[in-house]
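The next block holds one structure in the form of structure tokens; read it before the comments.
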Amino acid sequence: MAMEKRIEIFILTVDELVSRTRSLHDEGYRLVQICCSKVDESGKAVLELDYTFDKHYNLYNIRISIEEGAEIPSISEIFGSAFVYENEIHDLYGVSIQGISIDYRGNFYKTAMPHPFTQD
Amino acid sequence: MGKQTIIPFGPQHPVLPEPLHLDLVLEDERIVDAIPSIGYVHRGLELLVSKKEYAEYVYVAERICGICSFMHGLGYCQAVEEIMEIQVPERALFLRTIWAELSRIHSHLMWFGLAADAFGLENLFMLSWRLRESVLDIIEETSGGRVIFGACKIGGVRRDISPETLRDMCQKLEKLKGHMDRLTGVFLNDRSVGYRLKGIGVLTREDAQRLGAVGPLLRASGVDMDMRRLGYAAYERLSFEPVTENDGDCYARCAVRARELYQSIDLIAQAVSMMPDGEVDTKVLGAPKGECFMRLEQPRGEVLYYVRADGTRYIERFRVRTPTFTNIPSMIHCLKGCDFSDVPNVILTIDPCISCIER
Amino acid sequence: MKIILGVILYIVAAPLVGGILAGIDRVLSAKLQSRVGPPLLQPFYDVLKLFEKRTMIVNRFQNAYAWCHVIFMAMTGAFFFEGGDILLAVFALTLAGIFLILGAYSSNSPYSYLGAERELVLMLAYEPMVILTMVGMYMVAQSFSFMEIAASQRPIILYLPGVFLGFLYILPMKLRKSPFDISSSHHAHQELVRGLTSDFSGSMLALIEIAHWYETTLLLGLVYLFFSFNPVVGVCAAFGTYFLGILVDNSYARLKWELAFTSAWGIALVLGGGNLAILYFIAGG
């Protein structure tokens with residue numbers, strides 16, 4: 001059995017997200033992606049949001065865990081490219097993200113049902 | 001200020017045979033806004049990972065996209081290998097590099113054709129696709145497939161290339177260079193082509209960085225970033241400099257891709273000359289446990305894979321962040337303020353691959 | 001009686017000539033691009049097939065406009081080749097074009113709407129040169145009648161080389177070829193899909209295609225006039241011009257309407273106007 005492989009990841013609370021992102025931006029980091037995964041945590045569905053940043057080919061990861069349907073702040077004011085990921089996460093997972101710079105209000109992904117990625 | 005018209009562009013449009021929908025808001029013939037929407041051909045490939053055994057999923061990963069097929073397989077394999085800490089044999093790493101660069105050549109040649117079609121030069125379109133055909137022949141000869149190679153697997157590659165074939169391949173690519181001179185010559189020197197490309201869809205260096213552009217789009221704006229610098233596969237041992245241009249317009253993007261064609265041929269020649277002997281795969285035992293991010297440089301730019309495995313034979317979560325997806329903000333930015341007749345050029349020079357977006 | 005027979009002959013023969021020319025265009029373009037290409041008669045097969053297709057009509061005026069377009073196009077040629085006034089023929093040609101534009105405007109599709117706008121711009125771009133051509137021919141032959149110009153025995157091309165070059169420049173606009181296939185391209189591979197004709201279908205589209213064949217024949221007839229002192233040279237020149245058009249089509253990217261407009265007017269002014277001015281002073285002095 002192989003060893004469990006872990007990546008360096010900083011687990012933050014929702015409140016810390018914007019301030020940490022801003023300091024990363026000021027240090028010259030670039031937003032690579034925002035990824036949302038649905039995980040089961042002791043029988044309860046939790047959404048994990050991974051924010052990946054890059055500087056000189058080194059990754060810096062932030063993870064926040066939220067409950068389904070929770071509200072989080074947008075980082076698109078800090079990183080201009082964040083709005084596509086945030087719209088995607090909103091359309092597919094139903095996370096409501098406050099203050100997206102270009103908000104398509106659920107019209108970015110054409111889906112047959114609302115928030116398909118949260119369905120089982 | 002003129003009357004505003006909304007022009008639907010895609011998902012079925014002859015210039016953009018990709019399922020992306022854009023609502024272009026026009027004032028006379030000037031674009032004031034572009035609103036994208038996607039999701040027309042979503043295939044649920046990311047979900048499929050939990051239904052297929054991890055070694056079998058390579059085939060699915062290769063089918064994310066027809067053009068960067070090999071790269072998607074490679075990225076997935078590398079991510080799983082990273083988690084399981086598998087040492088891939090040297091020769092396999094070099095073979096992967098060669099196939100990856102062949103993919104890049106055929107992708108760029110295809111792009112040149114589509115770009116020519118976008119500005120209405122059908123003759124050039126035929127020329128690029130004819131050249132691409134010869135690259136596809138090389139790919140078929142070495143991997144057995146033309147579009148989906150099926151060559152990559154976890155722990156190595158599925159088949160070896162004989163030294164004679166490698167030598168042959170290098171000669172064919174050398175010959176291809178001559179034909180490519182003609183092709184890129186037209187793109188870079190023809191007056192009417194220049195009229196359609198120069199100064200169109202300018203993305204400044206600052207905007208490119210702010211909007212998270214990647215790949216040739218970013219390099220055409222003067223930013224020297226190429227994920228091959230990470231040194232995956234055999235890139236660590238090959239010498240190359242990322243191709244950059246400074247103007248950030250459609251012409252610069254053409255120039256970057258044109259020079260990358262030659263760079264790829266050069267990288268293949270280097271890889272062939274340094275190719276070590278030995279096995280091409282290792283035995284893979286057990287199942288992955290853990291998570292990892294893996295990045296590659298696809299023809300369209302940086303791609304990121306996230307794999308999370310829980311120690312069973314089924315991977316828990318697989319995510320692909322494709323270059324086209326992260327280039328959408330730049331595309332919208334470039335479209336604003338340009339002429340309606342420039343729309344095909346601007347969209348094409350971003351090189352959108354919507355099937356990549358629609359995992 | 002002879003004129004009526006001639007008109008009937010023209011109405012039947014012109015689309016055949018135009019269609020075969022279109023077929024030659026497709027075969028030759030394919031050869032230039034190293035493709036196999038379609039058979040010579042493919043344009044006819046296409047049109048016959050279009051007639052069999054169900055015609056979707058988006059607007060009740062659209063049909064009438066398409067019919068007017070083809071009728072006026074046929075009439076134009078009839079005026080022209082049966083010794084009528086070429087000035088009248090050219091205005092009838094413009095009228096035919098206007099009907100097509102109205103047909104495109106009458107639909108709600110943004111593609112045909114923008115196509116119609118661009119066609120209007122193109123019309124503004126090429127019309128001065130067409131008028132200058134007519135004026136030039138009158139100055140040389142002292143007549144607006146096709147027959148008299150054709151019979152004048154004077155090599156018009158030697159008097160009007162500038163006008164001829166200017167006319168060649170605007171020819172791709174009328175033939176809807178690269179670099180000026182701005183309002184509606186043959187391949188429908190542009191941002192406007194098919195532009196002007198996006199909303200025509202079935203038999204209406206077939207009619208417009210036939211009208212385009214009439215137009216091709218007519219335009220080559222105008223080229224013939226420049227060389228009418230010798231019919232053999234004239235026919236060769238007309239075909240040569242068409243082949244030149246195919247060659248240019250295959251070697252230029254599509255330009256934008258701003259450049260099409262300014263360059264067409266610039267050329268009309270410099271080549272056309274300059275040529276006429278020189279002719280005027282020579283004749284006057």
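Just so you know, all these numbers are worked out from the coordinates, no wet-lab data involved. Here the structure is a predicted model, which is why all the values come from computation and not from measurement. Ideal geometry is used to build each Cβ from the backbone, glycine not excepted, and the neighbour counts take in all protein chains shown.
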>> Can you tell me the orientation of helix C:231-251 relative to chain C, as the angle in degrees between its alpha-carbon axis and the longest Cα principal axis, to the nearest 10?
In response: 50
> Among all the lysines, which ones have a C-alpha under 20 Å from B:LYS3's C-alpha, if same-chain residues fewer than 8 places away are not counted?
Replying inline: B:LYS336
>> Along its three principal axes, how long is segment C:219-285 when you only count alpha carbons? Whole Å, largest extent first please.
In response: 44, 33, 15
> How much FRET efficiency would the formula 1/(1 + (r/R0)^6) give for B:SER50 and C:VAL12, where r is the Cβ-Cβ distance and R0 is 60 Å, rounded to 0.05?
Replying inline: 0.30
>> From the helices alone, meaning DSSP H stretches of at least four residues, give me the mean residue ellipticity at 222 nm for chain C, per-run term -39500 (n - 2.57), in deg cm²/dmol to the nearest 500.
In response: -24500 deg cm²/dmol
>> With 10 angstrom as the radius, rank C:MET147, B:MET84 by how many other C-beta atoms surround their C-beta, starting from the fewest.
In response: C:MET147, B:MET84
> Can you give the calculated 222 nm mean residue ellipticity of chain A, where each DSSP H run of n ≥ 4 adds -39,500 (n - 2.57) and the sum is split over every residue, rounded to the nearest 500 deg cm²/dmol?
Replying inline: -6500 deg cm²/dmol
>> Net charge around C:LEU114, counting only other residues with Cβ within less than 10 Å of its Cβ (Lys, Arg = +1; Asp, Glu = -1)?
In response: -4
> Where does each of C:GLU119, C:GLU215 land when they are ranked from fewest to most other beta-carbon atoms within 10 angstrom?
Replying inline: C:GLU215, C:GLU119
>> Starting from the 7 Å offset along Cα-to-Cβ, what nm value, one decimal, do you get for the label separation of A:LYS38 and B:THR312?
In response: 1.6
>> For A:LYS55, give me every one of the lysines with a C-alpha distance below 23 angstrom, ignoring sequence neighbours fewer than eight places off in its own chain.
In response: A:LYS5
>> Could you sort the peptides C:89-98, A:90-99 by per-residue average Cβ neighbour count (10 Å cutoff), highest mean leading?
In response: C:89-98, A:90-99
>> Taking each residue in C:149-159, count the Cβ atoms of any other chain within 10 Å of its Cβ, then average. What number comes out?
In response: 0
>> Taking each residue in A:29-37, count the Cβ atoms of any other chain within 10 Å of its Cβ, then average. What number comes out?
In response: 6
> Can you give the calculated 222 nm mean residue ellipticity of chain B, where each DSSP H run of n ≥ 4 adds -39,500 (n - 2.57) and the sum is split over every residue, rounded to the nearest 500 deg cm²/dmol?
Replying inline: -15000 deg cm²/dmol
> What is the gain in length, in nm to one decimal, between C:VAL58 and C:TYR138 on full extension, counting 0.36 nm per residue of separation less the C-alpha to C-alpha distance?
Replying inline: 24.4 nm
>> I'd like to verify something in chain B: which complete DSSP H helices, judged by Cα projection on the helix axis, reach 24 Å or more and average at least -1.0 on the Kyte-Doolittle scale?
In response: B:90-118, B:122-143, B:163-189, B:250-274
>> Spelling out what I want: for every residue of segment A:49-57, take phi, set θ = phi - 60°, compute 6.51 cos²θ - 1.76 cosθ + 1.60 (Karplus), and round to whole Hz; glycine and proline get x.
In response: 10, 9, 9, 10, 10, 9, 9, 6, 6
>> Which residues among segment C:142-175 fall inside the zone where the amide N is under 14 Å from a point 7 Å beyond the Cα of C:ILE282, along Cα→Cβ?
In response: C:154-164
> Cα gyration tensor of segment B:153-260, axes a ≥ b ≥ c as square roots of the eigenvalues: rounded (a/c below 1.5), prolate (a/b > b/c) or oblate?
Replying inline: oblate
> What's the local net charge at B:THR322, with K and R +1, D and E -1, over the other residues with C-beta under 9 Å away?
Replying inline: +3
> So, how do all the Cα-to-Cα distances of the protein assembly as shown break down into 10 Å bins, in percent, from 0 on up?
Replying inline: 3, 13, 21, 21, 16, 12, 8, 5, 2, 0, 0
> Once you put a point 7 Å from the Cα of A:GLU27 and another 7 Å from the Cα of B:LYS172, both along the Cβ direction, what distance in nm separates them?
Replying inline: 4.8
>> I need the shape label for chain B. Rule: rounded when a/c is under 1.5, else prolate if a/b > b/c, else oblate, with a, b, c from the alpha carbon gyration tensor.
In response: oblate
>> Can you give me the distance in nm between label points at A:ILE78 and C:LYS31, each placed 7 Å from the Cα along the Cα-to-Cβ direction?
In response: 6.6
> Helix C:42-52 versus the longest principal axis of chain C: what is the Cα-based angle in degrees, 0 to 90, to the nearest 10?
Replying inline: 50
>> Please list the three semi-axes, largest first and in whole Å, of the ellipsoid equivalent to segment C:1-159, using sqrt of 5 times the eigenvalues of its alpha carbon gyration tensor.
In response: 30, 22, 18
> What is the diffusion coefficient of segment C:2-284 in µm²/s, taking the Kirkwood radius over Cα pairs and the Stokes-Einstein relation at 10 °C with a viscosity of 1.306 mPa s?
Replying inline: 82
>> Rounded, prolate or oblate, given the Cα gyration tensor of chain A, with a/c below 1.5 counting as rounded?
In response: oblate
> Taking neighbour counts of Cβ atoms within 10 Å as a proxy for exposure, in what order, fewest first, do A:HIS115, C:HIS187 appear?
Replying inline: C:HIS187, A:HIS115
> Which FRET efficiency, nearest 0.05, do B:GLU141 and B:GLN87 yield, Cβ-Cβ r, R0 35 Å?
Replying inline: 0.75
> Roughly how crowded by other chains is peptide C:12-19, in terms of the mean Cβ count from those chains within 10 Å of each of its Cβ atoms?
Replying inline: 0
> Relative to the first principal axis of the alpha-carbon coordinates of chain C, what is the inclination of helix C:274-284, with its axis defined by its Cα atoms, in degrees from 0 to 90 and to the nearest 10?
Replying inline: 30
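Arranged from highest to lowest average of other beta-carbon atoms within 10 Å per residue, in what order do the peptides A:101-113, B:286-298, B:24-36 appear?
Final packing ranking: B:286-298, B:24-36, A:101-113.
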> Taking the Cβ-Cβ separation of B:ASN246 and B:LEU285 as r and a Förster radius of 35 Å, what is the calculated FRET efficiency to the nearest 0.05?
Replying inline: 0.10
>> So if I take the centroid of the Cα atoms in segment B:148-196 and the same for segment C:194-235, what is the distance between those two points in Å?
In response: 43
>> Cross-link candidates for A:LYS44: which lysines have Cα within less than 23 Å, leaving aside residues fewer than 8 places away along the same chain?
In response: B:LYS51, B:LYS289
